[in-house]
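Participant: I'd like to ask some things about the structure below.
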Amino acid sequence: MKKHNFSAGPSILPEFTIKKTAEAVLDFAGTGLSVMEVSHRDKEFMAVMAQANALVKELLEVPSGYEVLFLGGGASMQFCMVPYNFLNKKAAYLNTGTWASKALKEAKFFGEVVEVASSKDENFCYIPKNYEIPSDADYFHITTNNTIFGTEIRTDLDVNVPLIADMSSDIFSRPVDVSKYALIYGGAQKNLAPAGVAFVIVKEDALGKVDRPIPTMLNYRTHMENESMFNTPPVLPIFSALQTLIWLKEQGGVKEMEKRNIRKADILYSEIERNKLFKTTVKNVEDRSLMNICFVMNEEYKELENEFKNFAIANGMVGIKGHRSVGGFRASTYNALPEESVKALVAAMQEFERKY
Ligand SMILES: *Cc1c(COP(=O)(O)O)cnc(C)c1O
(Lines give C-alpha, C1' and ligand atoms only; values in the text may rest on other atoms or scores of the structure.)
Protein backbone atom coordinates (compact mmCIF):
# COMPACT_ATOMS: atom_id res chain seq x y z
CA MET A 1 0.00 0.00 0.00
CA LYS A 2 1.17 3.54 -0.73
CA LYS A 3 2.32 5.32 2.42
CA HIS A 4 1.19 8.89 2.99
CA ASN A 5 3.89 10.55 5.07
CA PHE A 6 2.45 13.28 7.32
CA SER A 7 5.42 13.26 9.74
CA ALA A 8 6.31 16.58 11.37
CA GLY A 9 10.07 16.22 11.09
CA PRO A 10 12.17 14.60 9.87
CA SER A 11 9.55 14.49 7.22
CA ILE A 12 8.65 13.78 3.63
CA LEU A 13 11.12 14.86 0.95
CA PRO A 14 10.61 14.97 -2.82
CA GLU A 15 11.17 11.59 -4.46
CA PHE A 16 13.62 13.47 -6.72
CA THR A 17 15.76 14.37 -3.68
CA ILE A 18 15.77 10.83 -2.33
CA LYS A 19 16.66 9.25 -5.70
CA LYS A 20 19.41 11.75 -6.49
CA THR A 21 20.86 11.34 -3.01
CA ALA A 22 20.75 7.54 -3.29
CA GLU A 23 22.60 7.77 -6.64
CA ALA A 24 25.24 10.10 -5.20
CA VAL A 25 25.76 7.83 -2.21
CA LEU A 26 26.84 5.21 -4.75
CA ASP A 27 28.59 7.44 -7.29
CA PHE A 28 28.94 11.16 -6.76
CA ALA A 29 29.15 13.35 -9.87
CA GLY A 30 30.94 10.63 -11.86
CA THR A 31 33.84 10.52 -9.41
CA GLY A 32 33.41 6.80 -8.81
CA LEU A 33 33.26 7.63 -5.09
CA SER A 34 30.39 8.06 -2.68
CA VAL A 35 29.39 11.62 -1.72
CA MET A 36 30.06 10.38 1.83
CA GLU A 37 33.74 9.70 1.14
CA VAL A 38 34.95 12.71 -0.84
CA SER A 39 36.61 15.78 0.56
CA HIS A 40 34.30 18.71 1.13
CA ARG A 41 37.02 20.77 -0.59
CA ASP A 42 36.97 18.75 -3.81
CA LYS A 43 35.76 20.83 -6.72
CA GLU A 44 32.69 18.61 -7.15
CA PHE A 45 31.46 19.33 -3.65
CA MET A 46 32.48 22.99 -3.76
CA ALA A 47 30.17 23.19 -6.78
CA VAL A 48 27.31 21.65 -4.75
CA MET A 49 27.77 24.24 -2.01
CA ALA A 50 27.97 27.12 -4.48
CA GLN A 51 24.87 25.97 -6.37
CA ALA A 52 22.85 25.42 -3.19
CA ASN A 53 23.80 28.89 -2.07
CA ALA A 54 22.85 30.44 -5.41
CA LEU A 55 19.52 28.61 -5.54
CA VAL A 56 18.47 29.74 -2.05
CA LYS A 57 19.17 33.30 -3.20
CA GLU A 58 17.32 32.82 -6.47
CA LEU A 59 14.24 31.08 -5.03
CA LEU A 60 13.76 33.59 -2.21
CA GLU A 61 14.98 36.59 -4.24
CA VAL A 62 17.52 37.35 -1.53
CA PRO A 63 18.71 40.96 -1.95
CA SER A 64 22.40 41.84 -2.08
CA GLY A 65 24.04 42.37 1.29
CA TYR A 66 22.84 38.98 2.58
CA GLU A 67 24.80 35.73 2.91
CA VAL A 68 23.45 32.18 2.89
CA LEU A 69 25.08 29.70 5.27
CA PHE A 70 24.75 25.97 5.86
CA LEU A 71 25.74 25.05 9.42
CA GLY A 72 25.68 22.09 11.76
CA GLY A 73 23.85 22.06 15.07
CA GLY A 74 20.29 22.34 13.76
CA ALA A 75 17.87 25.14 14.53
CA SER A 76 18.50 24.66 18.26
CA MET A 77 22.10 25.86 17.86
CA GLN A 78 20.70 29.00 16.25
CA PHE A 79 18.71 29.65 19.45
CA CYS A 80 22.15 30.33 20.99
CA MET A 81 24.03 31.79 17.99
CA VAL A 82 21.39 34.46 17.39
CA PRO A 83 21.71 36.13 20.82
CA TYR A 84 25.47 35.53 20.89
CA ASN A 85 25.81 37.61 17.72
CA PHE A 86 22.93 40.08 18.07
CA LEU A 87 21.95 40.61 21.70
CA ASN A 88 23.96 43.43 23.19
CA LYS A 89 21.63 44.58 25.99
CA LYS A 90 18.04 43.65 25.28
CA ALA A 91 16.05 41.46 22.91
CA ALA A 92 12.34 41.04 22.30
CA TYR A 93 10.70 37.64 21.69
CA LEU A 94 7.20 36.63 20.66
CA ASN A 95 6.27 33.44 22.50
CA THR A 96 4.10 31.33 20.22
CA GLY A 97 5.02 27.80 21.23
CA THR A 98 7.55 25.23 22.36
CA TRP A 99 10.29 26.25 19.91
CA ALA A 100 9.76 29.97 20.52
CA SER A 101 10.01 29.33 24.28
CA LYS A 102 13.25 27.43 23.80
CA ALA A 103 14.71 30.24 21.70
CA LEU A 104 13.70 32.76 24.37
CA LYS A 105 15.26 30.68 27.13
CA GLU A 106 18.65 30.63 25.39
CA ALA A 107 18.60 34.39 24.78
CA LYS A 108 18.38 34.93 28.55
CA PHE A 109 21.98 33.72 28.87
CA PHE A 110 23.06 36.85 26.99
CA GLY A 111 21.05 39.76 28.35
CA GLU A 112 17.61 41.11 29.10
CA VAL A 113 14.81 39.40 27.23
CA VAL A 114 11.36 40.95 26.88
CA GLU A 115 8.55 38.55 26.07
CA VAL A 116 6.35 41.00 24.16
CA ALA A 117 3.38 38.63 24.08
CA SER A 118 2.59 34.99 24.62
CA SER A 119 -0.27 32.69 23.69
CA LYS A 120 0.66 30.21 26.41
CA ASP A 121 -2.53 31.09 28.31
CA GLU A 122 -4.50 29.14 25.69
CA ASN A 123 -1.99 26.40 24.94
CA PHE A 124 -0.55 28.42 22.03
CA CYS A 125 -3.69 28.04 19.91
CA TYR A 126 -3.42 31.54 18.42
CA ILE A 127 -0.86 34.15 17.33
CA PRO A 128 -0.83 37.20 19.63
CA LYS A 129 -1.42 40.54 17.90
CA ASN A 130 -1.25 44.15 19.11
CA TYR A 131 1.89 43.90 21.20
CA GLU A 132 4.54 46.54 21.62
CA ILE A 133 8.19 45.98 20.84
CA PRO A 134 10.57 48.10 22.94
CA SER A 135 12.28 50.49 20.53
CA ASP A 136 15.64 49.89 22.25
CA ALA A 137 15.56 46.12 21.64
CA ASP A 138 18.52 44.85 19.60
CA TYR A 139 16.14 42.62 17.66
CA PHE A 140 12.70 41.02 17.66
CA HIS A 141 12.54 37.22 17.34
CA ILE A 142 9.58 35.31 15.92
CA THR A 143 8.86 31.70 15.00
CA THR A 144 6.94 31.97 11.74
CA ASN A 145 5.48 28.48 11.87
CA ASN A 146 4.76 26.71 15.14
CA THR A 147 5.29 23.12 14.13
CA ILE A 148 3.79 21.65 17.30
CA PHE A 149 0.71 23.85 17.73
CA GLY A 150 -0.17 24.42 14.05
CA THR A 151 -0.16 28.21 13.98
CA GLU A 152 1.68 30.34 11.46
CA ILE A 153 2.58 33.96 10.78
CA ARG A 154 2.23 34.07 7.02
CA THR A 155 3.04 37.72 6.45
CA ASP A 156 6.39 39.45 6.75
CA LEU A 157 5.96 41.78 9.71
CA ASP A 158 6.89 45.44 9.67
CA VAL A 159 8.63 46.18 12.94
CA ASN A 160 10.67 48.99 14.46
CA VAL A 161 13.79 46.91 15.26
CA PRO A 162 15.78 44.23 13.33
CA LEU A 163 13.59 41.17 12.74
CA ILE A 164 14.91 37.63 13.21
CA ALA A 165 12.86 34.56 12.32
CA ASP A 166 12.97 30.83 12.92
CA MET A 167 11.51 29.49 9.65
CA SER A 168 12.40 25.84 10.26
CA SER A 169 9.07 24.46 9.21
CA ASP A 170 7.80 26.90 6.58
CA ILE A 171 10.87 27.98 4.64
CA PHE A 172 10.26 27.76 0.87
CA SER A 173 6.52 27.27 1.44
CA ARG A 174 5.75 30.82 0.30
CA PRO A 175 7.54 33.89 -1.06
CA VAL A 176 9.31 35.82 1.72
CA ASP A 177 10.39 39.46 1.64
CA VAL A 178 13.89 38.77 2.92
CA SER A 179 14.69 42.50 3.04
CA LYS A 180 12.47 42.76 6.13
CA TYR A 181 14.71 40.40 8.13
CA ALA A 182 18.14 40.78 9.69
CA LEU A 183 18.39 36.99 9.87
CA ILE A 184 16.33 33.94 8.92
CA TYR A 185 17.28 30.46 10.08
CA GLY A 186 15.97 26.95 10.39
CA GLY A 187 16.72 23.26 10.60
CA ALA A 188 16.53 21.59 7.20
CA GLN A 189 14.63 18.48 8.22
CA LYS A 190 11.09 19.85 7.80
CA ASN A 191 10.98 21.17 4.27
CA LEU A 192 14.43 20.84 2.71
CA ALA A 193 16.75 17.95 3.52
CA PRO A 194 17.51 15.13 5.92
CA ALA A 195 18.46 16.21 9.47
CA GLY A 196 21.97 17.47 10.11
CA VAL A 197 22.11 20.93 8.61
CA ALA A 198 20.65 24.34 9.37
CA PHE A 199 20.27 27.14 6.85
CA VAL A 200 20.91 30.77 7.74
CA ILE A 201 20.26 33.88 5.66
CA VAL A 202 22.00 36.78 7.33
CA LYS A 203 22.21 40.47 6.56
CA GLU A 204 25.84 41.39 6.62
CA ASP A 205 25.58 44.89 8.06
CA ALA A 206 23.27 43.73 10.87
CA LEU A 207 26.27 41.96 12.42
CA GLY A 208 29.06 43.39 14.55
CA LYS A 209 26.89 45.28 17.04
CA VAL A 210 27.68 43.32 20.21
CA ASP A 211 30.50 44.09 22.61
CA ARG A 212 31.28 40.56 23.71
CA PRO A 213 33.91 38.33 22.12
CA ILE A 214 32.31 35.49 20.15
CA PRO A 215 33.89 32.02 19.98
CA THR A 216 35.04 31.24 16.46
CA MET A 217 32.54 28.48 15.65
CA LEU A 218 29.59 30.49 16.99
CA ASN A 219 30.45 33.64 15.09
CA TYR A 220 28.44 34.10 11.86
CA ARG A 221 31.36 36.02 10.37
CA THR A 222 33.59 32.95 10.55
CA HIS A 223 31.17 31.02 8.37
CA MET A 224 30.58 33.94 6.01
CA GLU A 225 34.30 34.42 5.43
CA ASN A 226 34.78 30.71 4.81
CA GLU A 227 31.66 30.08 2.70
CA SER A 228 30.29 27.56 5.24
CA MET A 229 33.56 25.61 4.96
CA PHE A 230 35.35 26.75 8.13
CA ASN A 231 35.08 23.18 9.35
CA THR A 232 33.68 20.10 7.64
CA PRO A 233 30.07 20.93 6.76
CA PRO A 234 27.30 18.27 6.80
CA VAL A 235 28.09 17.12 3.27
CA LEU A 236 25.26 14.66 2.68
CA PRO A 237 22.37 16.84 3.96
CA ILE A 238 23.73 19.76 1.92
CA PHE A 239 23.83 17.59 -1.18
CA SER A 240 20.19 16.60 -0.53
CA ALA A 241 19.21 20.21 0.15
CA LEU A 242 20.56 21.13 -3.28
CA GLN A 243 18.39 18.44 -4.88
CA THR A 244 15.29 19.81 -3.13
CA LEU A 245 16.19 23.32 -4.29
CA ILE A 246 16.56 22.09 -7.88
CA TRP A 247 13.19 20.34 -7.56
CA LEU A 248 11.58 23.48 -6.13
CA LYS A 249 12.78 25.53 -9.06
CA GLU A 250 11.54 22.95 -11.58
CA GLN A 251 8.13 22.93 -9.89
CA GLY A 252 7.78 26.68 -10.34
CA GLY A 253 9.42 28.00 -7.19
CA VAL A 254 7.96 29.27 -3.95
CA LYS A 255 4.95 30.99 -5.56
CA GLU A 256 3.80 27.66 -6.96
CA MET A 257 4.51 25.98 -3.60
CA GLU A 258 2.33 28.54 -1.85
CA LYS A 259 -0.51 27.87 -4.30
CA ARG A 260 -0.29 24.12 -3.74
CA ASN A 261 0.07 24.49 0.02
CA ILE A 262 -3.02 26.72 0.23
CA ARG A 263 -4.99 24.20 -1.82
CA LYS A 264 -3.87 21.22 0.29
CA ALA A 265 -4.62 23.04 3.55
CA ASP A 266 -8.03 24.16 2.27
CA ILE A 267 -8.99 20.58 1.45
CA LEU A 268 -8.05 19.32 4.90
CA TYR A 269 -9.34 22.23 7.02
CA SER A 270 -12.66 22.12 5.13
CA GLU A 271 -13.05 18.45 5.92
CA ILE A 272 -12.14 18.95 9.59
CA GLU A 273 -14.85 21.62 9.81
CA ARG A 274 -17.44 19.60 7.92
CA ASN A 275 -16.82 16.25 9.61
CA LYS A 276 -18.89 15.77 12.79
CA LEU A 277 -16.12 13.79 14.50
CA PHE A 278 -13.35 16.37 14.34
CA LYS A 279 -12.48 19.99 15.13
CA THR A 280 -9.39 22.17 14.68
CA THR A 281 -7.39 23.36 17.66
CA VAL A 282 -6.45 26.76 16.16
CA LYS A 283 -9.24 29.25 16.72
CA ASN A 284 -8.54 32.04 14.22
CA VAL A 285 -8.64 31.08 10.55
CA GLU A 286 -5.82 33.53 9.71
CA ASP A 287 -3.50 31.88 12.27
CA ARG A 288 -3.89 28.37 10.89
CA SER A 289 -0.70 26.82 9.62
CA LEU A 290 -0.48 25.63 6.03
CA MET A 291 2.29 23.25 7.09
CA ASN A 292 1.10 21.50 10.28
CA ILE A 293 -2.63 20.97 10.50
CA CYS A 294 -3.70 20.10 14.05
CA PHE A 295 -7.09 18.60 14.88
CA VAL A 296 -8.76 16.63 17.66
CA MET A 297 -11.92 14.57 18.10
CA ASN A 298 -15.01 16.51 19.13
CA GLU A 299 -15.86 16.02 22.84
CA GLU A 300 -18.64 13.50 22.25
CA TYR A 301 -16.34 11.30 20.13
CA LYS A 302 -13.20 11.58 22.28
CA GLU A 303 -13.13 7.85 23.01
CA LEU A 304 -12.75 7.12 19.28
CA GLU A 305 -9.34 8.80 19.10
CA ASN A 306 -7.24 5.67 19.28
CA GLU A 307 -9.53 3.84 16.91
CA PHE A 308 -9.25 6.58 14.30
CA LYS A 309 -5.49 6.61 14.67
CA ASN A 310 -5.35 2.87 13.97
CA PHE A 311 -7.85 3.22 11.13
CA ALA A 312 -5.69 5.90 9.52
CA ILE A 313 -2.55 3.79 9.91
CA ALA A 314 -4.35 0.84 8.32
CA ASN A 315 -5.15 3.14 5.39
CA GLY A 316 -1.50 4.05 4.81
CA MET A 317 -1.24 7.27 6.87
CA VAL A 318 2.10 7.75 8.64
CA GLY A 319 2.96 10.27 11.36
CA ILE A 320 -0.47 11.82 12.04
CA LYS A 321 -0.40 11.41 15.81
CA GLY A 322 -0.49 14.87 17.40
CA HIS A 323 2.35 16.12 19.58
CA ARG A 324 1.80 15.14 23.21
CA SER A 325 1.35 18.79 24.22
CA VAL A 326 -1.71 19.15 21.95
CA GLY A 327 -2.98 15.57 21.61
CA GLY A 328 -5.22 14.40 18.80
CA PHE A 329 -3.77 14.56 15.33
CA ARG A 330 -1.34 16.58 13.29
CA ALA A 331 -1.02 16.25 9.54
CA SER A 332 2.11 17.94 8.27
CA THR A 333 1.59 19.05 4.70
CA TYR A 334 5.06 20.19 3.70
CA ASN A 335 6.03 21.11 0.14
CA ALA A 336 6.85 17.55 -0.85
CA LEU A 337 3.52 16.10 0.32
CA PRO A 338 1.31 15.52 -2.74
CA GLU A 339 -2.33 16.64 -2.79
CA GLU A 340 -3.18 12.99 -3.35
CA SER A 341 -2.04 12.20 0.22
CA VAL A 342 -4.29 14.92 1.66
CA LYS A 343 -7.20 13.50 -0.31
CA ALA A 344 -6.43 10.01 1.00
CA LEU A 345 -6.56 11.32 4.58
CA VAL A 346 -9.84 13.11 3.87
CA ALA A 347 -11.28 9.91 2.39
CA ALA A 348 -10.25 8.00 5.54
CA MET A 349 -11.89 10.66 7.75
CA GLN A 350 -15.11 10.40 5.74
CA GLU A 351 -15.16 6.65 5.80
CA PHE A 352 -14.57 6.68 9.56
CA GLU A 353 -17.42 9.17 10.00
CA ARG A 354 -19.81 6.87 8.11
CA LYS A 355 -19.13 4.14 10.67
CA TYR A 356 -20.46 6.37 13.50
C1 LIG B 1 11.99 21.34 14.55
C2 LIG B 1 12.08 22.74 14.91
C3 LIG B 1 13.17 23.26 15.62
C4 LIG B 1 14.31 22.40 16.13
O5 LIG B 1 15.13 22.02 15.10
P6 LIG B 1 16.46 21.17 15.37
O7 LIG B 1 17.13 21.22 14.04
O8 LIG B 1 16.04 19.81 15.79
O9 LIG B 1 17.25 21.86 16.42
C10 LIG B 1 13.20 24.62 15.88
N11 LIG B 1 12.20 25.43 15.48
C12 LIG B 1 11.14 24.97 14.81
C13 LIG B 1 10.06 25.91 14.39
C14 LIG B 1 11.04 23.61 14.51
O15 LIG B 1 9.98 23.15 13.83
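Participant: Only one of (1) assigned to a loop (DSSP other than H, G, I, E, B); (2) within 16 Å of the ligand (Cβ to nearest atom); (3) touching a residue at least 60 places away in the same chain (Cβ under 8 Å) is not met by Phe124, so which one is it?
Facilitator: Against the list (1) assigned to a loop (DSSP other than H, G, I, E, B); (2) within 16 Å of the ligand (Cβ to nearest atom); (3) touching a residue at least 60 places away in the same chain (Cβ under 8 Å), Phe124 comes up short only on (3).
Participant: Then there is this: Across the range 104-121, which residue is surrounded by the fewest Cβ atoms within 10 Å (Cβ to Cβ) among those that are touching a Pro at 6+ places or on another chain (Cβ under 9 Å) and among the hydrophobic types (A, V, I, L, M, F, W, C)?
Facilitator: Phe109
Participant: Hey, can you tell me all the residues within the range 298-334 that are among the hydrophobic types (A, V, I, L, M, F, W, C) and in a loop (DSSP other than H, G, I, E, B)?
Facilitator: Answer for the range 298-334, where residues must be among the hydrophobic types (A, V, I, L, M, F, W, C) and in a loop (DSSP other than H, G, I, E, B): Ile320, Val326.
Participant: Here's a follow-up. Kindly provide the set of residues from the range 130-162 that are farther than 26 Å from Ala331 by Cβ and exposed (fewer than 14 other Cβ atoms within 10 Å of the Cβ), ordered by number.
Facilitator: Asn130, Tyr131, Glu132, Ser135, Asp136, Asp158, Asn160
Participant: May I ask you to say which residue of Phe110, Phe79, Phe6 is touching a helix residue (DSSP H, G or I) at 6+ places or on another chain (Cβ under 6 Å) and under 18 Å from Gln189 (Cα atoms)?
Facilitator: Phe79
Participant: Is it the case that Leu337 is in a loop (DSSP other than H, G, I, E, B), at pLDDT 95 or above and among the hydrophobic types (A, V, I, L, M, F, W, C)?
Facilitator: yes
Participant: To continue, here is another question. Just checking, does the range 201-217 include any residue being farther than 18 Å from Asp166 by Cα and within 14 Å of the ligand (Cβ to nearest atom)?
Facilitator: No.
Participant: Given the criterion over 23 Å from Thr244 (Cα atoms), more than 16 Å from the ligand (Cβ to nearest atom) and in the same structural domain as Met167 (by TED's automatic domain parsing), identify the matching residue among Lys105, Lys90.
Facilitator: Only one candidate qualifies: Lys90.
Participant: Given Val296, Val285, which one is surrounded by fewer than 18 Cβ atoms within 10 Å (Cβ to Cβ) and of a type outside the set (Ser, Thr, Tyr)?
Facilitator: After applying the criteria, what remains is Val285.
Participant: If you scan the range 234-266, which residues turn out to be surrounded by fewer than 17 Cβ atoms within 10 Å (Cβ to Cβ) and at negative phi?
Facilitator: Lys249, Glu250, Gln251, Lys255, Glu256, Lys259, Ile262, Arg263, Asp266
Participant: Has the range 7-27 got any residue that is in contact with a Gly (Cβ under 6 Å, 6 or more places away or on another chain) and surrounded by 13 or more Cβ atoms within 10 Å (Cβ to Cβ)?
Facilitator: Yes: one or more hits.
Let's see how each residue does on (1) among the acidic types (Asp, Glu); (2) over 21 Å from Asp177 (Cα atoms); (3) under 21 Å from the mean Cα position of the chain (by Cα):
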site: Ala75; (1), (2), (3): no, no, yes
site: Lys90; (1), (2), (3): no, yes, no
site: Glu106; (1), (2), (3): yes, yes, yes
site: Glu132; (1), (2), (3): yes, yes, no
site: Asp156; (1), (2), (3): yes, no, yes
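Participant: Being surrounded by fewer than 17 Cβ atoms within 10 Å (Cβ to Cβ) and touching a strand residue (DSSP E or B) at 6+ places or on another chain (Cβ under 9 Å) is the requirement here; does Glu204 meet it?
Facilitator: yes
Participant: Shifting gears a bit: When you check Ser173 against the structure, is it crowded, with 19+ Cβ neighbours inside 10 Å, closer than 30 Å to Glu58 by Cβ, assigned by TED's automatic domain parsing to the domain that holds Asn231 and near the ligand (Cβ under 10 Å from one of its atoms), yes or no?
Facilitator: Taking the combined requirement at face value, the residue does not satisfy it.
Participant: Given the criteria within 24 Å of the chain's Cα centre (by Cα), exposed (fewer than 14 other Cβ atoms within 10 Å of the Cβ), without any contact (Cβ under 8 Å) to a residue 60 or more places away in the chain and assigned to a loop (DSSP other than H, G, I, E, B), does Ser64 qualify?
Facilitator: Yes: the conditions hold for Ser64.
Participant: Identify all residues within the range 70-87 that are within 13 Å of the ligand (Cβ to nearest atom) and polar (S, T, N, Q); write none if there are none.
Facilitator: Matches in the range 70-87: Ser76, Gln78.
The values are calculated or read from the model by the stated rules, or taken from the named source; none is laboratory data. Note that this is a predicted model, so its numbers are computed, not measured. Heads up, the Cβs are rebuilt from the backbone with ideal geometry, glycines too, and the neighbour counts pull from every protein chain shown.
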